[in-house]
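Written below as structure tokens is the structure these notes are about.
The values are calculated or read from the model by the stated rules, or taken from the named source; none is laboratory data. On a predicted model such as this, the values are computed, not experimentally measured, just so you know. Here the Cβ positions follow ideal geometry from the backbone for every residue, glycine too, while neighbour counts run over all protein chains shown. Each accessible area value is taken on the protein alone, full model and side chains, heavy atoms only, with ligands, DNA and RNA left out. Shrake-Rupley method; radii C 1.70, N 1.55, O 1.52, S 1.80 Å.
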Amino acid sequence: MTYTNFSAMPLVIGVKDISDILCVGRNKAYELITTGQIRAVKIGKQYRIPRDSLIEFLKRTDLEEK
């Protein structure tokens, strides 16, 4: 799904959303989650990522590049 801004994004998103937003593959999205770079909660067999966790990741990544 395409979001125009973070406030339009649901409070919790899935791995597919992460891969679409970051333009990475599913395996890379899972890697970011399992290594703790993006904080997530596992419910059953699925990961759920808080919107704030994605925003924190993007801020850290942006700061590292500068």
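Could you tell me the relative contact order of the chain? Use alpha-carbon pairs under 8 Å, at least six residues apart, and round to a whole percent. Could the numbers behind the result be given before it?
Numbers: 57 pairs, mean separation 21.1, N = 66.
Contact order relative to length: 32 percent.
So, R0 is 22 Å and r is the distance between the beta-carbons of Leu22 and Glu56; what FRET efficiency does that work out to, to 0.05? Could you put the intermediate results ahead of the total?
Numbers: r = 14 Å, r/R0 = 0.61.
Between Leu22 and Glu56 the formula returns 0.95.
In the chain, what percent of the accessible surface is made up of carbon and sulfur (1.4 Å probe, ligands and nucleic acids excluded)?
On the way: 2550 of 4750 Å².
Within the chain, the accessible surface is 54 percent carbon and sulfur.
Specify which residue in the list Ser7, Gly25, Ala40 is farthest towards the positive end of the charge dipole of the chain, using unit charges on the beta carbon of Lys, Arg (+1) and Asp, Glu (-1), about the Cα centre.
The one lying farthest along the dipole's positive direction is Ala40.
Can you work out the Karplus-derived ³J(HN,Hα) for every residue in the range 46-62? Use 6.51 cos²θ - 1.76 cosθ + 1.60 with θ = phi - 60°, whole Hz, and x for glycine or proline.
Using θ = phi - 60°, the values come out as 10, 8, 10, 10, x, 3, 4, 5, 5, 4, 4, 4, 5, 5, 4, 5, 5 Hz.
Where does the chain land at 222 nm, in deg cm²/dmol rounded to the nearest 500, when only DSSP H runs of n ≥ 4 count, each adding -39500 (n - 2.57), divided by all residues?
On the way: 3 runs with 32 residues, N = 66.
Helix-only estimate at 222 nm: -14500 deg cm²/dmol.
With Kirkwood radius over Cα pairs in Å in mind, check (1) 11.2; (2) 12.9; (3) 12.1 and report the label derived from this structure.
Matching entry in (1) 11.2; (2) 12.9; (3) 12.1: (3).
Can you compute 3J(HN,Hα) from phi for each residue in the range 12-18, using the Karplus curve 6.51 cos²θ - 1.76 cosθ + 1.60 with θ = phi - 60°, rounded to whole Hz and x for Gly and Pro?
Calculated HN-Hα couplings, in order: 10, 10, x, 5, 4, 4, 4 Hz.
Return one whole number: the accessible area per residue of the chain in Å², for a 1.4 Å probe. Write down the numbers at each step before the final one.
On the way: 4750 Å² over 66 residues.
For the chain, the solvent-accessible area averages 72 Å² per residue.
So how many Lys-Lys pairs in the chain land under 27 Å Cα to Cα, not counting same-chain pairs under 8 apart?
9
If amide hydrogens are placed 1.01 Å from N in the peptide plane, which non-local residues have theirs closer than 5 Å to the one on Val12?
When sequence neighbours closer than 5 places are left aside, the close amide H contacts are Arg51.
Name the most mobile residue of Gly44, Gly36, Gly14, meaning the one with the largest mean-square fluctuation, in a Gaussian network model of the chain with Cα contacts below 10 Å.
Judging by the Gaussian network model, the answer is Gly44.
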